[in-house]
1. Suppose a student asked you for the relative contact order of chain A, using Cα pairs under 8 Å spaced at least 6 residues apart; what percent would you report?
2. Tell me the relative contact order for chain B as a rounded percent, counting alpha carbon contacts under 8 Å between residues six or more apart.
3. Given 25 °C and 0.890 mPa s, compute D for region A:1-115 with the Stokes-Einstein relation, Rh being the Kirkwood radius over Cα pairs; round to the nearest whole µm²/s.
4. Take B:Val129, project a point 7 Å from its Cα along the Cβ direction, then tell me which residues of region B:99-114 have their backbone nitrogen under 15 Å from it.
5. Where the Cα atoms of region A:36-252 are projected onto their three principal axes, how long is each span, largest first, in whole Å?
6. In deg cm²/dmol and to the nearest 500, what is the mean residue ellipticity at 222 nm of chain B if only DSSP H runs of at least 4 residues count, each as -39500 (n - 2.57), divided by the residue total?
7. Can you give the FRET efficiency to the nearest 0.05 for B:Phe30 and A:Val63, using r as the Cβ-Cβ distance and R₀ = 56 Å?
8. Testing the spin-label approximation: label points 7 Å from Cα along Cα→Cβ at B:Asp140 and A:Tyr190. State their distance in nm.
Amino acid sequence: MARPSNIKSFLSEAGDMSRFTGRLFTSWFKPRYEFAEFFRQCYVIGYNSLPLVGLTGFIMGLVLTMQLRPSMVDYGVESQLPVIVGIAIVREIGPVITALIFAGKIGSSIGAELGSMKVTEQIDAMEVSGTNPFKYLVVTRVLAATCMLPVLTILSDAISLYGSYLGINIRGTTSFHLFWTQVFDNLAFYDVLPAFIKTFFFGFAVGIIGCYKGYNSNKGTEGVGRSANSAVVVSSVMIFILDLLAVQITDIFGFN
Amino acid sequence: MFSETAYIVKQPSEMPQEAVMTIRHLYKSFGNNHVLMDFNLDLYKGENVVVLGKSGSGKSVLIKCIIGLLFPDQGSIKVFGENIPDLNIAALDQIRARVGFLFQSNALYDSMTVRDNLEFPLRRHWIKVTQEEVNTMVIDALEDVGLAHTVDMMPIELSGGMRKRIALARTLILKPDIILYDEPTTGLDPITAREIIGLMVEIQKKYNTSSLIISHDMNCVRMASDRIVVLVEGKCYASGTFEQLKLHPDPKVKHFFE
């Protein structure tokens, strides 16, 4: 049974985080706009994550295809393998796995970076230098994470499907053209759009949780490690919670 | 028991009397921990004042209140005639452009080169200068601290003493009228610490800045101070030159000089 002190600290942290998110929205539209830092963060968060996301996406598509194949053969629907894998990757596995990889890489890096800046007074130095550190550090990172995860997910989906194509051709023979025709013919608007939209929320969650944990880091270097760790754990859990909400919402709108 | 005012030693008569900073009746608490209680201080143009106190006596809280990183519970901090707690962010930034702050941990940005670290406050305070002028200002500031060759290095490649000098160069680049030093010699070996203190004194002479130095390093106090303020129990407990306070009868003051 949960202890009252745990419940109290959970609620207190939830309140702090809500305030932090509220502050983000109020800062979001007010000048001064940190465009240069935003584009730098897009490069760091997006471009630098591409090799990892691409590799895991490729393995995910390949493995999923190889695991599914025996069952599909048993049921005599082996020819439908590109269709099943395509829908699974685009609707669910691609966005969620990419977001989890993203949370591991970017959530921890933002948490540790801001945490170490906090304990070494770099955030204070920024403020003294005529900069709003919240805008410079938090707004730019959250925006960059929100914008970059959808892009990474699209690329990861494409690489996963290419991995799947190779997986099919390990045991069977399917032409490149036939594979992609089968995939795209069976993907509908309501398969792609909800999956694409939810990645914005996943990216936002990873960015805001990483920034919140880092920005509020304390207790010296131990606190930095804790910030990085809890940024990954909380954002991973949040991705699943958002995914659950997304599936309920798409169900209400009849997209399932 | 001595009365509090009995400890206050008059300003040395040769000191110029134009106050650039005036602190009156300053109070700051964190819960039940009363850090500053009715603290008063004047800083005059061209003067080096050292605030001397034990660890945890509220020295860093004082300096953070002055620069607007913390807000006092009560009292006024007038810098160039403007009361810091009353200022909005834009007005506060204008004051901050004239007040340099050397952080205890140096606070150099790890992800930037030395050049970018020095350019950062210039760019952020919206100072309209060309790239050529920026380059000259960066090199001049680095030459002041004797480290012009490190301009394209990363902070991680520098020693502790060099990082302190770079942080000092970053503080100097805006040509501040007041410099606040938070424990400038902490974590440095005695030789490097002496070099940093020498540099602080040299800079003060060269640019005629006023300095408020937070320290409990007695070498720093002796070498850098025109006047010393002893912070005890959140108050300005005693004030005077090093020689005057060394002979002070009160054990709470004497204790620092033994």
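No lab work stands behind these numbers, since they all come straight from the coordinates. These numbers were taken from a predicted model, which means no experiment stands behind them. Neighbour counts are summed over all protein chains in view; Cβ atoms, including those assigned to glycine, are modelled from backbone coordinates with ideal geometry.
1. Here the relative contact order equals 31 percent.
2. The normalised contact order for chain B reaches 28 percent.
3. Working: Rh = 18.3 Å.
In µm²/s, the coefficient is 134.
4. B:99-100
5. That works out to 67, 35, 29 Å along the principal axes.
6. -10500 deg cm²/dmol
7. Numbers: r = 54 Å, r/R0 = 0.97.
E between B:Phe30 and A:Val63, to the nearest 0.05, is 0.55.
8. It works out to 6.9 nm between the two label points.
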